[in-house]
1. Taking the residues in region 264-303 that are of a type in the set (S, T, N, Q) and within 22 Å of the chain's Cα centre (by Cα) as candidates, determine which candidate is modelled with the lowest pLDDT.
2. Of the residues Asn312, Asn338, Asn321, only one is open to solvent by less than 30 Å² (accessible area, probe 1.4 Å) and not in a loop (DSSP other than H, G, I, E, B); which?
3. Taking Ala397 as meeting all but one of (1) touching a residue at least 12 places away in the same chain (Cβ under 8 Å); (2) on the phi < 0 side of the Ramachandran plot, write down the number of the exception.
4. Kindly check whether there is at least one residue in region 27-39 that is farther than 27 Å from Lys268 by Cα, open to solvent by less than 10 Å² (accessible area, probe 1.4 Å) and either over 24 Å from the mean Cα position of the chain (by Cα) or at pLDDT 55 or above (or both).
5. Can you tell me which of Leu193, Leu208 is under 20 Å from the mean Cα position of the chain (by Cα) and among the aliphatic types (A, V, I, L, M)?
6. Among the helices (runs of 4 or more DSSP H) confined wholly to region 44-145, which include 2 or more residues that are open to solvent by less than 30 Å² (accessible area, probe 1.4 Å) and free of Cβ contacts under 8 Å to residues at least 60 places away in the same chain?
7. Going by the conditions given, is Ser463 open to solvent by 30 Å² or more (accessible area, probe 1.4 Å), part of a helix (DSSP H, G or I) and more than 12 Å from Ala65 (Cβ to Cβ)?
8. Test of understanding: among Thr297, Thr301, which residue is in contact with a helix residue (DSSP H, G or I) (Cβ under 6 Å, 6 or more places away or on another chain), farther than 30 Å from Leu119 by Cβ and open to solvent by 30 Å² or more (accessible area, probe 1.4 Å)?
Amino acid sequence: MKFKYKTILLLLIALLGACTKDFEKINTNPNAPETTSTEFLMSDVLISTAYAYQENAVGRRPASAARYLTLVRNTGYDLLDWGPVDWDDIYARLSVNKTFMETAQKRTENQYVAISKILKAFNFGYLTDLYGDVPYSQALKSKEANLIYPEYDQQQAIYPDLLKELREANDLLKGNSQEINAKGDVMFKGKALAWRKFANTLRLRMLLRISKNYSAAFTEMQEIVNDKSAFPIFESSADNAEIAYLGNLAAYSWPGGPLAMIDFDYQKTKVSKELVDRLIERNDPRLPVWVEPVKTTTGSTVDFNKYVGVPNAIDAPSAYNGGEDHVSVFSSSFFRKNGGTSNPLLKASLVTYTEMCFILAEAMQKGKLTFNGETAESMYYKGIKESMSSYGASAPAAYYDQALVKYDGTLTQLITQKWLAMLFKGSEGWFDQRRTGYPAFVTGPLAAGRGIPKRYIYPDSESAKNKASYQKAVSVFGPDNQYTLMWSLK
């Protein structure tokens, strides 16, 4: 983890500054940051966090691990043999956020201190969810303490501290009269209540994630939902923590759009059989929104349906079912857009009301939570309906009467519907599957190891440059492979 945070910060500022000039020329960018340092830094961290998190969800390992897509060319991710994964981008965002927090503290701008705490919790939470034990308490201290080889903290110590940061952020914003600059706040346009809802809803996600091994998880979740005034949470999809794509430049476009294809090439990326089959089984109205029908069924070899997904980790996946004309790709009319006016529904989502509905439904279904006026069943249906609405789809009443959809109180059913709703929403589909075992995926014959990976392997730079800390960490954590269980999963 030895890299120059100051250099990264300057590069990020220079890059975003260049982008801002372009935005001023067209005079249509609602995401343009103010030149005032705190507002600028807030905008920088927000944009880089949201867009990187979304890009991971579409074109990276989490999309393969969640079995949303199947790669038929360059199939490394799909074979589930990933190797070491670099984390410099996350630490770079956290470095900028640290500067943001320190600047806000010096200026006694508590509203920005609170926001920086939320962004710290989100980014460090994502980091430890990916890797397990990571440098935390000693991280980002190369400048003031000359700590360039930080030790690792255990996940069970990191998570409670992040939860504390989120609680403190909520408390700082409660009753605070200091204005949040609306132009710099590219997500909530200066609304402190919206930030509080984000902080508390993120806490609900994190508490459920660690509930297996964190004894206070459901007690703290109950405390949140019991007091709307003290702990406001999302009340509708209008509260979602997400940032729109302008769609005018590659850096500000949906990662699957023409301007920002990155690795998400639709010739090598097909819809997975896991996804298509479950949508077909439920007569799900999201299927035609998300997926294109095959060009022809004439010449199909194994699957003669209108929509055909490709199994993962099979021999010659590009030839499956007769080849290109006989398998489905993700919808060109929906996903293959840049965002903005081309498809305003394409956004970089951090946490959504849809997800929160399923979080509460699961906790209530377990008998661990009560929520005034709601049941596990009602929140389950709300989660499905909100997902439908967010994609411009609607389901007839008959949809909810089907055996696979009608609420039956099982975790299998609930998580499968949540998995569908979390399509391309961060890494949540993967994280829920590895936590619960649902949906029960079938990995192909060429898949490496023992099924779906449980974590990322530490970067090569750690064993090479931060060797002492790395070796100490793995002696406690366990073997540095993609199947070692982190604390939250044990």
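1. Taking the candidates together, the pick is Thr269.
2. Working: Asn312 fails: not in a loop (DSSP other than H, G, I, E, B); Asn338 fails: not in a loop (DSSP other than H, G, I, E, B).
Checking each option against the conditions leaves just Asn321.
3. (1)
4. yes
5. Being under 20 Å from the mean Cα position of the chain (by Cα) and among the aliphatic types (A, V, I, L, M) holds for just one of Leu193, Leu208, which is Leu208.
6. So the answer is 88-106, 110-131.
7. For Ser463, the condition - open to solvent by 30 Å² or more (accessible area, probe 1.4 Å), part of a helix (DSSP H, G or I) and more than 12 Å from Ala65 (Cβ to Cβ) - is met.
8. Values: Thr297 fails: in contact with a helix residue (DSSP H, G or I) (Cβ under 6 Å, 6 or more places away or on another chain).
Sole residue among the options that is in contact with a helix residue (DSSP H, G or I) (Cβ under 6 Å, 6 or more places away or on another chain), farther than 30 Å from Leu119 by Cβ and open to solvent by 30 Å² or more (accessible area, probe 1.4 Å): Thr301.
The values are calculated or read from the model by the stated rules, or taken from the named source; none is laboratory data. Predicted, not measured: the structure shown is a model, and the values here were computed from it. With ideal geometry, Cβ positions are generated from the backbone for all residues, glycine too; neighbour counts draw on all protein chains shown. Protein only, heavy atoms only, side chains kept; ligands, DNA and RNA dropped before computing areas. Shrake-Rupley method; radii C 1.70, N 1.55, O 1.52, S 1.80 Å.
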